[in-house]
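Please read the structure below before turning to the comments.
The values are calculated or read from the model by the stated rules, or taken from the named source; none is laboratory data. Worth saying up front: this structure is predicted, and the values here are computed from it rather than measured. Glycine gets a Cβ as well: all are built from the backbone with ideal geometry, and neighbour counts include every protein chain shown.
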Amino acid sequence: MADVSAESVRRWLHTLGDLPGPPAAAPATGCPLLDWAASGAMELTGEADGPPVLSPGPMTDLLREAGAALAHLAGRPLPFDPALVLSGRAGAMNLTRRGRISAGGATRLLRASDGWCAVTLSRPDDVELVPAMLGGETVTAPWQQLAATVRGAEAREFADRIRMFGVPAAALPLEPRLVDVPWQVSMIAAPDRDARLAGALVVDLSSLWAGPLCARLLGLAGARVVKVESTRRPDGARAGNQLFYDWLHAGHESIAVDFTRPEGQGALADLIRAADVVIEASRPRALAHLGLAPERLNHRAGKVWVSITGYGRRHPDRVAFGDDAAVAGGLVGRSADGEPVFCADAVADPLTGVVAALGAMGALACGGGQLIDVSMRNVAAAFAGAPRADHGPHPIRTSAAGAVVECPALGRTQEVLPPRAPVPEGAAGTMGTDTIRNLSRGTELRGRSAPR
């Protein structure tokens with residue numbers, strides 16, 4: 001299986017250009033489904049009162065190959081653990097599997113007339129919009145009333161209707177969505193043969209999980225990471241689990257400016273000009289409104305721009321979060337009766353973070369000058385549809401002590417382990433703590449390859 005997954009990752013990287021020395025395959029561990037059982041992600045997948053279920057795709061093998069490729073591109077070993085990538089947040093927050101309610105609780109799978117639909121109500125505004133979604137009726141129990149309405153509608157039609165209100169929703173595909181490569185690549189500048197990650201300036205404009213994980217991996221590989229937030233709309237994850245936030249952001253600098261004021265917009269433009277790598281997860285029109293659309297800027301040679309969206313830049317108004325994006329890509333588990341359940345914890349988020357880091361590092365290794373358009377739905381679809389080895393049936397034995405997965409082909413078993421919490425390398429910086437130092441000294445802002 002490792003060779004199949006290694007070939008998938010090499011194929012992804014090949015779309016960026018000719019890499020100097022393609023990465024070798026990571027050492028095989030034996031059985032990807034036993035690895036899934038040990039990762040903590042299986043414990044998060046399945047009905048709340050039923051057994052955990054097996055992985056819908058070769059996620060642990062693909063992540064292991066991506067980790068090996070990241071280390072190769074960085075030229076150094078990286079502390080990359082697929083288990084923490086998949087279930088570290090759940091370990092930090094003590095989340096458990098809940099079937100058709102996401103582990104985090106904000107997304108639900110609702111049965112439609114022809115299949116299933118995922119809806120996310122993660123923000124107060126989303127809940128307030130439910131009456132409008134339901135045609136103006138009085139709402140006393142949002143989820144129950146949404147579920148009753150969708151039962152009489154087609155899943156895709158209902159998801160389209162919900163998205164009209166800016167609320168994340170997705171129909172579970174009736175057939176697998178075939179996605180061979182999880183990103184789209186376009187040139188935005190000339191390449192630079194001297195482009196490299198070591199010492200590069202990464203300006204991270206993203207928030208929550210996928211983009212910050214990408215930034216964390218680039219930082220571990222030797223880049224300098226500067227997190228940039230709006231003083232009016234800081235990263236919402238700051239109000240979440242502190243341990244997980246520290247794990248993502250420890251060692252990164254923090255700049256905070258007001259994006260609505262001319263001086264803040266000027267500072268943001270300076271940061272983007274100075275960056276070797278820009279990571280952002282905004283709707284395209286948000287940066288365009290500030291005059292910072294990546295396609296319209298005059299980038300210096302070698303810059304890499306990573307754009308993370310729910311459905312890609314061709315669908316700029318479709319909002320998505322990790323669980324509904326996974327459903328859109330067909331990345332769901334199946335309970336004993338064959339019905340869909342959420343896979344792990346907001347799984348499209350961590351998978352997208354790893355893929356985005358791989359795209360950024362691969363682009364730099366090929367000279368940069370590229371816009372990497374990463375769609376969370378397509379990442380989920382690429383992992384769901386990737387080739388996998390057939391090791392035969394894997395019986396799951398359950399008891400009061402827990403669950404155990406058997407691999408008869410290898411004569412091995414694996415206990416289904418709970419998620420592990422990550423161990424941060426330190427505390428994340430206070431918001432804006434590096435603003436004055438960076439913005440008062442222009443030399444501090446220059447990226448590694450910027451003219452001096």
Practice task
Please determine, by comparing only the residues of the range 302-315 that are surrounded by fewer than 24 Cβ atoms within 10 Å (Cβ to Cβ) and closer than 18 Å to CYS117 by Cβ, which one is modelled with the highest pLDDT.
Solution key: TYR311
Problem - Breaking point among (1) hydroxyl-bearing (Ser, Thr, Tyr); (2) touching an Asp or Glu at 6+ places or on another chain (Cβ under 6 Å); (3) in the same structural domain as LEU19 (by TED's automatic domain parsing), for THR120 - result: (3)
Problem - Options GLY50, GLY40, GLY75, GLY30; residue that is assigned by TED's automatic domain parsing to the domain that holds CYS407, touching a residue at least 40 places away in the same chain (Cβ under 8 Å) and out of contact with any Leu (no Cβ under 9 Å at 6 or more places or on another chain) - result: GLY50
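Identify, from the list GLY362, GLY368, GLY392, the residue that is small (Gly, Ala, Ser) and surrounded by fewer than 23 Cβ atoms within 10 Å (Cβ to Cβ). Walk me through how you get there before you give the answer.
On the way: GLY362 fails: surrounded by fewer than 23 Cβ atoms within 10 Å (Cβ to Cβ); GLY368 fails: surrounded by fewer than 23 Cβ atoms within 10 Å (Cβ to Cβ).
Just one listed residue meets the conditions, GLY392.
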Handout entry: Tally, over the range 107-125, of residues that are in a helix (DSSP H, G or I) and under 13 Å from ARG151 (Cα atoms)
Key = 0
Exercise for the section: Test LEU213 against the stated conditions and say whether it is at pLDDT 95 or above and in contact with a Pro (Cβ under 7 Å, 6 or more places away or on another chain). Expected result: yes
Practice task
Kindly indicate whether any position in the range 419-435 is more than 30 Å from ILE255 (Cβ to Cβ) and either surrounded by fewer than 20 Cβ atoms within 10 Å (Cβ to Cβ) or of a type in the set (Ser, Thr, Tyr) (or both).
Solution key: yes
Problem - Number of positions in the range 212-223 that are in a loop (DSSP other than H, G, I, E, B) and surrounded by fewer than 21 Cβ atoms within 10 Å (Cβ to Cβ) - result: 1
Practice task
Identify all residues within the range 298-320 that are of a type in the set (D, E, K, R) and closer than 15 Å to ALA288 by Cα; write none if there are none.
Solution key: ARG313, ARG314, ASP317
Fill in the blank from the handout: Selection from the range 244-303 of residues touching a helix residue (DSSP H, G or I) at 6+ places or on another chain (Cβ under 6 Å), in a helix (DSSP H, G or I) and over 14 Å from LEU201 (Cα atoms) yields PHE244, TYR245, LEU248, ALA267
Practice task
Would you mind listing the strands (runs of 3 or more DSSP E) fully within the range 127-211 where at least 2 residues are assigned by TED's automatic domain parsing to the domain that holds ASP246 and out of contact with any helix residue (DSSP H, G or I) (no Cβ under 8 Å at 6 or more places or on another chain)?
Solution key: 183-187
Problem - Answer residue from the range 241-299, given it is touching a Phe, Trp or Tyr at 6+ places or on another chain (Cβ under 8 Å) and surrounded by fewer than 18 Cβ atoms within 10 Å (Cβ to Cβ) and is modelled with the highest pLDDT among those - result: GLN265
Handout entry: Given (1) under 27 Å from THR309 (Cα atoms); (2) surrounded by 17 or more Cβ atoms within 10 Å (Cβ to Cβ), number of the condition CYS407 does not satisfy
Key = (1)
Practice task
Take PHE321 and decide whether it is surrounded by fewer than 22 Cβ atoms within 10 Å (Cβ to Cβ), of a type in the set (Phe, Trp, Tyr) and in contact with a Leu (Cβ under 9 Å, 6 or more places away or on another chain).
Solution key: no
Handout entry: So GLY104, is it in a loop (DSSP other than H, G, I, E, B) and either of a type in the set (D, E, K, R) or farther than 28 Å from ALA215 by Cα (or both)
Key = no
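Of all the residues that make up the range 1-37, how many are in a helix (DSSP H, G or I), aliphatic (A, V, I, L, M) and surrounded by fewer than 19 Cβ atoms within 10 Å (Cβ to Cβ)?
Selection size over the range 1-37: 1.
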Practice task
Specify which of the listed residues (VAL181, VAL167) is among the β-branched types (Val, Ile, Thr), surrounded by fewer than 18 Cβ atoms within 10 Å (Cβ to Cβ) and modelled with pLDDT of 95 or more.
Solution key: VAL181
